[in-house]
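Inspection log for the structure reproduced underneath, given as structure tokens.
Read-outs throughout are calculated quantities, based only on the coordinates presented, and are distinct from any laboratory measurement. Model, not experiment: these values are computed from the prediction. For neighbour counting, all protein chains shown are included, and Cβ atoms are generated from backbone atoms with ideal geometry for every residue, glycine included.
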Ligand SMILES: Nc1ncnc2c1ncn2[C@@H]1O[C@H](COP(=O)(O)OP(=O)(O)O)[C@@H](O)[C@H]1O
Ligand SMILES: [Mg+2]
């Protein structure tokens, strides 16, 4: 993984555990990645692979307990976010790091107008007075492609369609001009056409505003369309990481390869559930002493069941946590 002094966000060895009555759940294990300025990092993996918990760990959004970030560091803007207090993190969220979650109906408050909800971070983080915040809120609605913005500020969330509500969420996330936008499956609940429109919007906004984006999805087609780099997660770990073109043309991890075969054609492919890969997802209640994909892996051999692989370099900037790939070069000639 890159160790680059210029990265906006640098996550190193993140480990998050949930303590439950039946024992620990190792939801995120040794996750490392870096986000460059202006980069769009796509994070992909089947449900339960630790994508959301990873991102929520970074910005202190997990309920602690039961969650506990046991190890790691998260460098952002000269600080280790894992060492900040609750108040400091709160100040940073929504100001320096914006986020958008899957379901805009539960993320927007139904009893307040959309205008109020966009103005709220502007007043809280930027100290704007009401008229200034209102002007900026209207600008933001326009920016995300909602017409008649002045009037629509007075509307309530239920007066917007699903796609429009997701645009509003993006407007809120962008309100304070964040350095990083984290979007957790923000288009999953939307139909394909609306999904495509939101993706277009995000591409355009990135061009215009130059922020870095982390985009979580289970849709490899989406990643092919918008991401610069991809991080593939499985069983709470990063199994493959690298530039999109490189990973798509030369996938190293058997899980990534399996993912690619579940998507009919990667370019412009429709969302497909990833769980068509045979076998059960890993049990996260044991400390991982083997490769988490071992039981489902067509390439597994004895070492895979004894040892959890670290990440090996495949090509510059491209790595994978796989003994088979490391020891055979992924049999890439074949
Ligand atoms: N509140 C919780 N209590 C216990 N375990 C949890 C909790 N939230 C998430 N987990 C565990 O963390 C794992 C990763 O979850 P998550 O990050 O939400 O997956 P993803 O976003 O990739 O679908 C899940 O498989 C689950 O076992
Ligand atoms: Mg999730």
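Can you put 217, 20, 54 in order of Cβ neighbours within 10 angstrom, beginning with the fewest?
20, 217, 54
Provide the three semi-axes, in whole Å and in decreasing order, of the ellipsoid equivalent to the range 1-103 as defined by the square roots of 5 times the Cα gyration tensor eigenvalues.
Semi-axes from the Cα gyration tensor: 22, 16, 14 Å.
Ignoring everything except DSSP H segments at least 4 long, calculate the 222 nm mean residue ellipticity for the chain; use -39,500 (n - 2.57) per segment, divide by total residues, nearest 500.
When only DSSP H runs of four or more count, the value is -9500 deg cm²/dmol.
On a 0 to 90° scale, report how tilted helix 162-174 is relative to the longest principal axis of the chain, with both axes built from alpha carbons and the result rounded to the nearest 10.
The angle comes out near 90 degrees.
Going out from 0 in 5 Å bins, what whole percent of all Cα-Cα distances in the range 109-193 drops into each bin?
Percent of pairs per bin, in order: 3, 15, 27, 25, 18, 9, 2, 1.
On a 0 to 90° scale, report how tilted helix 114-126 is relative to the longest principal axis of the chain, with both axes built from alpha carbons and the result rounded to the nearest 10.
80 degrees
Using alpha carbon coordinates only, what is the Rg to Rh ratio of the range 48-179, with Rh defined as the Kirkwood radius?
Here the Rg-to-Rh quotient is 1.01.
In what sequence do 26, 326, 79 fall when counting other Cβ within 10 Å, fewest first? Please report the intermediate quantities before stating the final value.
Values: 26 24, 326 19, 79 14.
Fewest-to-most ranking of 26, 326, 79: 79, 326, 26.
Compute the acute angle (0 to 90°) between the alpha-carbon long axis of helix 192-209 and the principal axis of greatest extent of the alpha-carbon atoms of the chain; round to the nearest 10°.
80 degrees
Under the 0.36 nm per residue contour assumption, what length would be gained going from the current alpha-carbon distance of residue 112 and residue 200 to full extension?
28.9 nm
If you wrap the range 143-247's Cα atoms in a convex hull and average its projection over all directions, what's the area in nm²? Present the calculation step by step, with values, prior to reporting the outcome.
Numbers: hull surface 30.7 nm².
Across all orientations, the range 143-247 yields a mean hull projection of 7.7 nm².
Among bridges DSSP assigns within the chain, what percent are antiparallel (round to 5)?
Roughly 60 percent of the beta bridges in the chain run antiparallel, per DSSP.
From the gyration tensor of the Cα coordinates in the range 56-116, what semi-axes in whole Å does the equivalent ellipsoid have, largest first, with each one equal to sqrt(5λ)?
25, 15, 10
Give the order of 322, 297 when sorted by the count of other beta carbons within 10 angstrom, beginning with the fewest.
The most exposed by this proxy come first: 297, 322.
Report the Cα centroid-to-centroid distance between the range 8-78 and the range 171-235 in angstrom, as an integer.
18 Å
For the chain, what mean projected area does the convex hull of the alpha carbons give, in nm²?
17.3 nm²
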